[in-house]
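**Student:** Sharing a structure with you now.
Coordinate-derived values only; no laboratory data. All values derive from a computational prediction rather than experimental measurement. Quick reminder, even Gly has a Cβ in these numbers, built from the backbone with ideal geometry, and neighbours come from all protein chains shown.
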Amino acid sequence: MTEVTVTTAISTDPSRRARLAEFWYYFSENRGAVIGLVFFVFLVLLALCAPLIAPHDPTIQYRESVLLPPFWEEGGRAAFLLGTDAVGRDMLSRLIYGTRFSLFVGVIVTTLSLVGGILVGVIAGYFRGWVDTVIMRIMDIILAFPSLLLALVLVAVLGPGLTNAMIAIALVFQPHFVRLTRAAVMTEKTRDYVVAAKVAGAGHLRLMFKTILPNCMAPLIVQATLSFSSAILDAAALGFLGMGAQPPTPEWGTMLAEAREFILRAWWVVTLPGLAILATVLAINLMGDGLRDALDPKLKRS
Amino acid sequence: MFRFLLGRLAVLIPTFIGVSIIAFSFIRLLPGDPVALLSGERVMSPERHAEISHQLGFDRHIVVQYLDYLWGVLRGDFGLSIVTKKPVIDQFLELFPATVELSLCAIIFAVVVGIPAGVIAAIKRGSIFDQIIMGTALVGFSMPIFWWGLLLIIVVSGMLQWTPVSGRISLMFFFPSVTGFMLIDSLLSGQEGAFQSAFNHLILPTIVLGTIPLAVIARQTRSAMLEVLSEDYVRTARAKGLSTFRVVGIHALRNAMIPVVTTIGLQIGVMLAGAILTETIFSWPGIGKWMVDSVFRRDYAVIQGGLLIIAGVIMLVNLAVDLLYGLINPRIRH
């Protein structure tokens, strides 16, 4: 029953504002999703205002205060709220600046794989035939490798660094978007409104990107939030393996790699960057769950 | 069933050829001279270069080189490691049991904890149990496992001193490898405490590697159970007066398991390919660590061969899962 009322609500008032209001209604019903959103906005502000908020420069080494614990522990100092790392850099400032890198990685990787995946997927699903076969076989080949291993090897080829890590991860994530787009385009393509547009004389490009694509976006948006968080995780993993952002960049994964030898001596240099990664990824995944509830009518109220 | 198998093979073979082309071109796409990279000799005279180039077959047409490579691969020849000069396939076979042992333990852990957790969450939907289980599952799903491993080492190995930090067994024990599985070999050796040591070494890696599959399985079991529990045949079973245990355990769970089995299969495929992060953290001598070490040693021959073997293993496991899936769910075959 609920589904029926929802669809009529959309069709009687198709204005953008009503759709947004309906979306927000379902999204805000999920408490976790709202918490995730609030935390995410906080992270974005932190990233944007990092130079204003951070108490120290993230790369300055205070040689006289190496491996200081957080202020509440014995030996901690108020000048370094969350302590310092092995070469005397302020942990809090490095964590704040780290937000920039992680969110940047998420945005770039998701945009690259989303745009690339949509382009290729629409072409495959719209034209079918040999174009489709060739594209899907290539995607199968990429999916035949474990994604992190493939990203690792690609970075080894391209050279270690954050930019190459992002390119590698985007390439590895792309097939998921291609498959989703293709499947959605294939089901939409035979619908009446598409046939009507075709009869009215719409060209291929218009049919593909103006008529069909907007109706395929829901699963893609959900997948995009999922790959946003996976991209952050994978980039941190590559940084941890020494193939992502290079020291002294305050990237969370790289910070963890540098901290490995101190795990039994200074818990804060290991615990805090990982906690930052976990909290960020968790917030995005919570939002993703809410988005899925709000966008996917089949799963609504499950 | 036979047609189903043929259909799967028709997709698998071109994919494997594509994968072999990628592995083949990998060494040629690297910046630098592939002859120097493969021989591991940095400085060489033009004569020496020509000699090695001829030895490796680089002076032939590229298509001939590829076909030769593919022919070698089909006979099990994946090249020689640059560092150890041993055949890549031998090294793989030597390390593979460690990865298999760890993966199996991790997947058993994930299934044994994940499925009951998902079932309980579904039955007690909306309750505090459901919220706790699903909340934990979401945290597990979002976990950076390399950090999770370090955290467990700090707490369990460092503070509590319960488990060792790395490796497969204490250095005190030495016995010949029979099966390659440390748990079995240690029992066969008959040495006192050997099995205990092997078991303790496995605990933390198993938990770390099993965490994400566990979360995925719990989430999926819950949603599959919820779907099944609202079906008519479950209501009929309840109406017949069957106990909740029978209704949930026999009628509902069986059907809910169909999507979950696929997930488990796919996870096994990914794990067998080597748990790069887990194996690196715990110095577990398996396929994942081997690949990471090879990347750092610039052992391009191992990377090239290893990529192809790993992709092959994943494809075979996925094929097996597909066939198994066809067996438990006849609808899919058509």
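**Student:** Let me know the longest stretch in chain B that avoids all chymotrypsin sites (Phe, Trp or Tyr not before Pro) found in a DSSP loop with at most 13 other C-beta atoms within 10 Å.
**Tutor:** Longest run free of exposed loop sites: B:1-161.
**Student:** Moving to a separate point now. Between A:ALA196 and B:ILE328, what FRET efficiency follows from the Cβ-Cβ distance if R0 is 45 Å, with the result rounded to 0.05?
**Tutor:** On the way: r = 43 Å, r/R0 = 0.96.
Computed FRET efficiency for A:ALA196 and B:ILE328: 0.55.
**Student:** Something else now. Could you tell me which of rounded, prolate or oblate describes the protein assembly as shown, using a ≥ b ≥ c as the square roots of the eigenvalues of the alpha-carbon gyration tensor, with rounded for a/c under 1.5 and, failing that, prolate when a/b is larger than b/c and oblate otherwise? Kindly include the intermediate steps, with their values, before the conclusion.
**Tutor:** Numbers: a/c = 1.30, a/b = 1.15, b/c = 1.13.
It is rounded, given that a/c, with a ≥ b ≥ c, falls under 1.5.
**Student:** Take the Cα of B:LEU9, step 7 Å along the line toward its Cβ, and report every residue of the range B:299-324 whose backbone nitrogen sits under 18 Å from that point.
**Tutor:** Residues B:312-313, B:315-324 qualify, since their backbone N sits under 18 Å from the label point.
**Student:** Of the options B:PHE16, B:LEU5, B:ALA198, report the single residue whose Cα projects farthest towards the positive end of the charge dipole of chain B (beta-carbon charges: Lys, Arg +1; Asp, Glu -1).
**Tutor:** Farthest towards the positive pole: B:LEU5.
**Student:** May I ask you to list the trypsin sites (Lys or Arg not before Pro) in the range A:255-297 that are in a DSSP loop and have at most 13 other Cβ atoms within 10 Å of their Cβ?
**Tutor:** Answer by residue number: A:ARG265.
**Student:** Give the aspartates and glutamates reachable from A:LYS198 as a straight Cα distance under 19 Å; neighbours fewer than 8 places away on the same chain don't count.
**Tutor:** The reachable aspartates and glutamates, counting only those whose Cα sits under 19 Å from A:LYS198, are A:GLU188.
**Student:** Could you work out how much longer the chain between B:PHE129 and B:ASP33 gets when fully extended? Use 0.36 nm per residue separation minus the Cα distance between them, nm to one decimal.
**Tutor:** This chain segment gains 28.6 nm when fully extended.
**Student:** Taking chain A as a Gaussian network, Cα atoms linked when under 10 Å apart, which of A:ALA156, A:ALA224, A:ALA124 shows the biggest mean-square fluctuation?
**Tutor:** Residue with maximal mean-square fluctuation among A:ALA156, A:ALA224, A:ALA124: A:ALA156.
**Student:** Moving to a separate point now. If you take the charge dipole of chain A about its Cα centre, with +1 on Lys and Arg Cβ and -1 on Asp and Glu Cβ, which of A:ALA235, A:SER102, A:ILE169 is farthest toward its positive end?
**Tutor:** It is A:ILE169, whose Cα lies furthest towards the positive end.
**Student:** With +1 on the Cβ of every Lys and Arg and -1 on the Cβ of every Asp and Glu, and nothing else charged, how large is the dipole of chain A about its Cα centre, in debye rounded to the nearest 20?
**Tutor:** Dipole magnitude for chain A comes out near 1020 debye.
**Student:** Related question: Give the separation of the Cα centroids, the range B:216-286 to the range A:37-105, in Å.
**Tutor:** For the range B:216-286 versus the range A:37-105, the Cα centre distance is 42 Å.
**Student:** Return the FRET efficiency for the residue pair A:LEU20, B:LEU74: r is the Cβ-Cβ distance, R0 is 56 Å, and the value is rounded to the nearest 0.05.
**Tutor:** According to the calculation, E is roughly 0.45.
**Student:** Using Cα pairs under 8 angstrom and six or more residues apart, how large is the relative contact order of chain A, in percent?
**Tutor:** Working: 421 pairs, mean separation 71.5, N = 302.
Relative contact order of chain A: 24 percent.
**Student:** From other protein chains only, count the Cβ atoms within 10 Å of every residue's Cβ in B:306-314, then give the mean. Each step should come with its number before you reach the end.
**Tutor:** Numbers: counts 2, 6, 2, 0, 5, 7, 1, 0, 4.
The per-residue average across the peptide is 3.
**Student:** Given the DSSP H assignment, sum -39500 (n - 2.57) over each helix run of at least 4 residues in the protein assembly as shown and divide by its residue total; what's the result at 222 nm in deg cm²/dmol, nearest 500?
**Tutor:** It lands at -23500 deg cm²/dmol.
**Student:** To the nearest 20 debye, what charge dipole does chain B have about its Cα centre, counting +1 at the Cβ of each Lys and Arg and -1 at the Cβ of each Asp and Glu?
**Tutor:** Working: 24 positive and 20 negative charges, 266 e Å.
Roughly 1280 debye for chain B.
**Student:** A further question follows. Can you tell me which of B:ALA117, B:ALA50, B:ALA275 moves the most in a GNM of chain B? Springs connect C-alpha atoms under 10 Å apart.
**Tutor:** Its mean-square fluctuation being the largest, the pick is B:ALA50.
**Student:** Please give the Cα centre distance for the range A:230-302 versus the range A:124-177, rounded to the nearest Å.
**Tutor:** The range A:230-302 and the range A:124-177 have Cα centres spaced 22 Å from each other.
**Student:** Let me ask you something else. Using alpha carbons only, how many degrees (0 to 90, rounded to 10) separate the axis of helix A:129-143 from the longest principal axis of chain A?
**Tutor:** Tilt relative to chain A: about 20 degrees.
**Student:** In degrees from 0 to 90, rounded to the nearest 10, what is the angle of the helix A:91-127 Cα long axis to the longest principal axis of chain A?
**Tutor:** It is inclined by approximately 20 degrees.
**Student:** Let me ask something additional. Can you give me the Cα centroid spacing of the range B:2-62 and the range B:117-168 in angstrom?
**Tutor:** Rounded to whole Å, the Cα centres lie 42 Å apart.
**Student:** Which residue fluctuates most in the GNM of chain A (Cα springs below 10 Å): A:LEU149, A:LEU282, A:LEU205?
**Tutor:** Of A:LEU149, A:LEU282, A:LEU205, the Gaussian network model singles out A:LEU205 as fluctuating most.
**Student:** Using the crude model of +1 on Lys and Arg Cβ and -1 on Asp and Glu Cβ, and no other charge, please compute the dipole size for the protein assembly as shown relative to its Cα centre, in debye to 20.
**Tutor:** So the magnitude is around 1980 debye.
**Student:** Between B:GLU227 and A:THR133, what is the spin-label point distance in nm, taking each point 7 Å from the Cα along the Cα→C-beta axis?
**Tutor:** Here the modelled spin labels are 3.2 nm apart.
**Student:** Further question on the same structure: For the residue pair A:ASN215 and B:ALA320, what label-to-label distance in nm results when each label sits 7 Å from Cα along the Cα-to-beta-carbon direction?
**Tutor:** So the two model labels end up 4.3 nm from each other.
**Student:** Moving to a separate point now. Which one of A:LEU226, B:GLY167, B:VAL302 has its Cα pushed farthest toward the positive end of the charge dipole of the protein assembly as shown, where Lys and Arg give +1 and Asp and Glu give -1 at the Cβ?
**Tutor:** Working it through, the farthest residue towards the positive pole turns out to be A:LEU226.
**Student:** Once a ≥ b ≥ c are taken as the square roots of the eigenvalues of the Cα gyration tensor of the range B:31-85, is the result rounded (a/c under 1.5), prolate (a/b larger than b/c) or oblate (a/b not larger than b/c)?
**Tutor:** In terms of gyration-tensor shape, oblate.
**Student:** Would you mind checking the tilt of helix B:128-141 against the longest principal axis of the Cα atoms of chain B, expressed as 0 to 90 degrees and rounded to 10?
**Tutor:** Roughly 10 degrees, rounded to the nearest 10.
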